[in-house]
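Let me begin by presenting the structure, written as structure tokens, before commenting on it.
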Amino acid sequence: MTEATNWDIDTAADVLLAAEARRQDRGPITDEWAGLDLGTAYRVQRRLVEKKIAAGESIVGVKLGLTSRAKQERMGIDSPLTAVLTDGYALEADVPLQLDQLIHPRVEPEIVFVMRKRLEGPGVTAATALNAVESVHAGLEVIDSRYIDFKFTLPDVVADNASSARFVVGGKAVSPKNLDLALEACALSVNGAVVDTATGAAVQGHPAEALAMAANDLARRGEAIEAGQVVLTGGLTDAVFIHAGEQIGAEFSNLGSVFLTAT
């Protein structure tokens, strides 16, 4: 495609969905469409999700991206981005990750919330956010950018639904009460060998801060986090590539463990 393409929200959503379906990455849309600013990118993201829903998927939650200070500095922003989770991204804990459905997947460990009640901004604080949580879980997210080499601008990645691909949530449900999630430790392993470690403080200082930011950001677009939804609060470590035959694990101090095997 060239600048002559009549870019609009529908075209951008269709291009990204086609890249996902064909397992064919591409250059950033911003190289071809100067009009893709952040506000427009969120409209593309919403249209992309609407098209997934029209194809039979359902919204099951939200996720945050770029929650670490280092990633935000690299992108020139001071707060995370948000994206939408559908059931098409969800994997059961014992179901292998099918690599032939993806382009160049990476995996990162997450602290996951399941919501007890609706959380709507603006003005949500970490305390009020945490009070809306039913349970806390270990999680792994598979990200799979539709852009070559994961190279993109902020509007590009927002339009691409924050590189969403798959996620798996651990079966152990822990009450948020009496948990210090900033100190919750996580070890990320590949085939049993630890490759990285982190604590919950890696996510905006505390995962509840990330949850509050998500609710307040969604409110700017007239949206909220609904009761029963899943919230992926952001990668605790850098994401690692996953290859056929590998098992990625995330082991937490209080939240248990979750594993993902690729075939």
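Calculate how steeply helix 38-54 sits against the longest principal axis of the alpha-carbon atoms of the chain, using the helix alpha-carbon long axis, and give the answer as 0 to 90 degrees to the nearest 10.
Roughly 80 degrees, rounded to the nearest 10.
Of LYS63/LYS117; LYS51/LYS177; LYS151/LYS172; LYS52/LYS151; LYS117/LYS172, which sit over 28 Å apart, Cα to Cα?
LYS51/LYS177; LYS151/LYS172
With +1 assigned to the C-beta of every Lys and Arg and -1 to the C-beta of every Asp and Glu, and no other charges, what is the dipole magnitude of the stretch 112-252 about the Cα centre in debye, to the nearest 20?
With Lys and Arg at +1 and Asp and Glu at -1, about 420 debye.
What list of ³J(HN,Hα) couplings, whole Hz, do you get for the stretch 140-152 from phi and the Karplus terms 6.51, -1.76, 1.60, once you set θ to phi - 60° and write x for glycine and proline?
Once θ is set to phi - 60°, the couplings for the stretch 140-152 become 10, 10, 9, 9, 8, 4, 8, 10, 4, 6, 6, 9, 7 Hz.
Could you please report the charge total around ALA19, scoring K, R as +1 and D, E as -1 over all other residues with beta-carbon less than 9 angstrom from its beta-carbon?
The answer is +1.
State the answer as a single residue: which of PRO207, PHE241, ALA227 lies farthest towards the positive end of the charge dipole of the stretch 206-248, with beta carbon charges of +1 for Lys and Arg and -1 for Asp and Glu, about the Cα centre.
The listed residue farthest towards the positive side: ALA227.
Could you please rank ASP149, ASP180, placing first whichever residue has the fewest other Cβ atoms within 10 Å of its Cβ?
Fewest-to-most ranking of ASP149, ASP180: ASP149, ASP180.
When 1/r is averaged over all different Cα pairs and the result inverted, which Kirkwood radius in Å belongs to the stretch 9-261? Before the final figure, lay out each step's value.
Values: mean 1/r = 0.0555 Å⁻¹.
Over the stretch 9-261, the inverse of the mean reciprocal pair distance is 18.0 Å.
Exposure proxy check: SER189, SER163 ranked by fewest other beta carbons within 10 Å?
Neighbour counts put them in this order, fewest first: SER189, SER163.
Among TRP33, VAL124, THR261, whose Cα lies farthest out toward the positive end of the dipole of the chain, if unit charges sit on the beta carbon of Lys, Arg (+1) and Asp, Glu (-1)?
VAL124
For the stretch 85-196, divide the Cα radius of gyration by the Kirkwood radius and give the resulting Rg/Rh value with two decimals. Provide the component values of the computation, followed by the final result.
Working: Rg = 16.0 Å, Rh = 16.2 Å.
My calculation puts Rg/Rh at 0.99.
Out of the DSSP beta bridges found with both residues in the stretch 9-261, what percent are antiparallel (nearest 5)?
Within the stretch 9-261, antiparallel bridges account for around 90 percent of the total.
So for ILE248, ILE9, fewest C-beta neighbours within 10 Å to most, what's the order?
The order, fewest Cβ neighbours first, is ILE9, ILE248.
Which value, in debye to the nearest 20, describes the size of the charge dipole of the chain about its Cα centre when Lys and Arg Cβ atoms bear +1, Asp and Glu Cβ atoms bear -1, and nothing else is charged?
Magnitude of the dipole: close to 460 debye.
A short reminder: the numbers here are calculations on the coordinates, not readings from a lab. Since we're looking at a predicted model, the values are computed, not measured. A quick note on method: Cβ atoms are made from the backbone with ideal geometry, for glycine too, and the neighbour counts reach across all protein chains shown.
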